[in-house]
Amino acid sequence: MQPFKLTLPNGGTLTGLHNLLEPSSPAYTAILVRNRPLLVTIHGGSYSSTYFDADQKHSASICSNGLGVPVVSIDRPLYQGSSSFYPSEEGKTYHEALALWLHRYILPTLWKEYGKECGSMVLHCHSLATPSAVIVAGWVAQEREKGEGPAYPLAGLTISGFGTQNTPQIVEQGKQPPPDPRPEYFNFPIDVKDNRMIPKGTADRAIYKQSERLDSRMPYAEIADYKAIWGDSHWKALCGKVEMPVMIGLAEFDALWIGTEEHVKEFAGGFTASERVDASVVKGAPHCMELSYWAQECKLREAKRS
């Protein structure tokens, strides 16, 4: 995938990677413009756009080239070369501020720049990118109901590495008092991170050679503001506003979320207004499915649902 750098309407900067296809390629010409989505992928905490282009075996470009679907992977604000949104407008939480930037600046810019030969846009969000993406999808529904419509044709949402029921270990960690003073950023030790996100036996040994390159410092607010926007059943109100199709892939051996059918049914059940919800447990998979043995299966499902 190739790097890009764009200037947003508010003067901010957005960086990331993209895989844009040759218009003459067979896979590209096989799809009518109105049926071709622009797939935008949004990384989780402590990663960046390279999460979706880890190495030759673990890249969104593989399915992109095979199916004729262009892919853009962004660096979220405060990651890599993308601008900060602080101080956040209207005193919003981290996830609300991120949603605001996605809706007002980032997604309209991506559509204007890369959506010329596409008929719609689909978001794929991993892990902590989920709350803001769900908020955005809800705003899109509200605007369409008013007959306004956003500046980008969002048509679907796919989710991996997120849910509504944390594992007991994560629940206990959440009971610990926050650090004082609260840090702006923090990093996970690489070995601890890998053991949690892609434990041995769930990924090709070669992927661990990429761990340091894929690692990014993480804004502490991503975790600190999580409960206020998603916890204590707040997620139900957010998910209930989404009307577009949703696909959820919950890893069976996710270290952060309980990987059961009961859990994925609960999460899917929150999207009460969605025209279609496809939710399943991905057997054997770890939290970072896109870096695991299940990588291409995960990306293929996203692209096909697009």
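The values are calculated or read from the model by the stated rules, or taken from the named source; none is laboratory data. Only a predicted model underlies this, so the values are computations on that prediction, with no experimental measurement involved. Here the Cβ is made from the backbone with ideal geometry for all residues, glycine too, and neighbour counts use every protein chain on show.
Quick one: which helices (runs of 4 or more DSSP H) lie wholly within segment 221-306 and hold at least 1 residues that are surrounded by fewer than 18 Cβ atoms within 10 Å (Cβ to Cβ) and modelled with pLDDT under 95?
Correct list: 221-224, 226-229, 295-305.
In the list Ala129, Ala155, which residue meets the criterion of being over 17 Å from His287 (Cβ atoms) and in contact (Cβ under 8 Å) with a residue 40 or more places away in the chain?
Ala155
Can you give me the number of residues within segment 1-35 that are under 13 Å from Cys118 (Cα atoms) and of a type in the set (Phe, Trp, Tyr)?
1
Look through Glu172, Glu212 and report the one residue that is in a helix (DSSP H, G or I), closer than 30 Å to Ala268 by Cα and acidic (Asp, Glu).
Result: Glu172 is the single residue among Glu172, Glu212 that is in a helix (DSSP H, G or I), closer than 30 Å to Ala268 by Cα and acidic (Asp, Glu).
Of a type in the set (Val, Ile, Thr) and modelled with pLDDT of 95 or more: is that true of Val40 in this structure?
Considered against the rule, which asks whether it is of a type in the set (Val, Ile, Thr) and modelled with pLDDT of 95 or more, Val40 comes out as yes.
In segment 151-165, is there at least one residue being in contact with a helix residue (DSSP H, G or I) (Cβ under 7 Å, 6 or more places away or on another chain), among the aliphatic types (A, V, I, L, M) and in a helix (DSSP H, G or I)?
There is no residue in segment 151-165 that is in contact with a helix residue (DSSP H, G or I) (Cβ under 7 Å, 6 or more places away or on another chain), among the aliphatic types (A, V, I, L, M) and in a helix (DSSP H, G or I).
Is it true that some residue in segment 58-73 is within 15 Å of the chain's Cα centre (by Cα) and assigned to a helix (DSSP H, G or I)?
Yes: one or more hits.
Scanning segment 74-103 for residues that are over 21 Å from Gly115 (Cα atoms) and among the charged types (D, E, K, R), which turns out farthest from the chain's Cα centre (by Cα)?
Glu90
Take segment 109-139 and flag every residue that is polar (S, T, N, Q) and either farther than 20 Å from Gly12 by Cα or part of a strand (DSSP E or B) (or both).
If the condition is that a residue be polar (S, T, N, Q) and either farther than 20 Å from Gly12 by Cα or part of a strand (DSSP E or B) (or both), then Ser120, Ser127, Thr130 are the ones that fit.
In segment 70-104, which residues are surrounded by 21 or more Cβ atoms within 10 Å (Cβ to Cβ) and of a type in the set (Ser, Thr, Tyr)?
If the condition is that a residue be surrounded by 21 or more Cβ atoms within 10 Å (Cβ to Cβ) and of a type in the set (Ser, Thr, Tyr), then Ser73, Tyr79, Ser82, Tyr94 are the ones that fit.
Quick one: in segment 8-60, of everything that is free of Cβ contacts under 8 Å to residues at least 40 places away in the same chain and of a type in the set (Val, Ile, Thr), which residue is surrounded by the fewest Cβ atoms within 10 Å (Cβ to Cβ)?
For segment 8-60, the residue satisfying everything is Thr29.
Can you give me the number of residues within segment 202-220 that are of a type in the set (Val, Ile, Thr) and within 19 Å of the chain's Cα centre (by Cα)?
So the count comes out to 0.
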